[in-house]
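Below you'll find the structure, written out as structure tokens, and then a few comments.
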Amino acid sequence: GWSRDEAEAAIIERGGTSPGSVSKKTFCVVVGDAPGASKVTRARALQIPLVPGRAFRELLENGVVTEVLGEDS
């Protein structure tokens with residue numbers, strides 16, 4: 001798995017950003033085992049994909065979201 005700091009560093013190394021909040025400019029939100037409810041709610045309201053941590057590596061390697069959590073996740 002990835003620590004939060006490792007994930008943020010990996011995103012930045014690839015030219016991305018890891019802001020502390022979700023906005024309409026957010027590409028996706030990577031969620032771990034216990035995601036913050038407010039970020040999940042905000043992402044869903046803005047129709048931003050919620051990507052499970054297990055799909056994070058593929059997103060970094062390919063730049064493609066291959067798995068998205070559903071409404072019940």
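Quick rundown of the values:
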quantity	calculated
Given (1) at pLDDT 95 or above; (2) small (Gly, Ala, Ser); (3) touching a Gly at 6+ places or on another chain (Cβ under 9 Å), index of the condition Gly53 fails	(1)
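Residues checked against (1) without any contact (Cβ under 8 Å) to a residue 60 or more places away in the chain; (2) under 15 Å from Gly70 (Cα atoms); (3) touching a helix residue (DSSP H, G or I) at 6+ places or on another chain (Cβ under 8 Å):
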residue: Ile12; (1), (2), (3): yes, no, no
residue: Gly15; (1), (2), (3): yes, no, no
residue: Pro19; (1), (2), (3): yes, no, no
residue: Lys24; (1), (2), (3): yes, no, no
residue: Pro52; (1), (2), (3): yes, yes, no
residue: Phe56; (1), (2), (3): yes, no, yes
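The values are calculated or read from the model by the stated rules, or taken from the named source; none is laboratory data. In this text, all values refer to a predicted model and were calculated from it rather than measured experimentally. Glycine also receives a Cβ, built like all others from the backbone with ideal geometry; neighbour counts cover every protein chain displayed.
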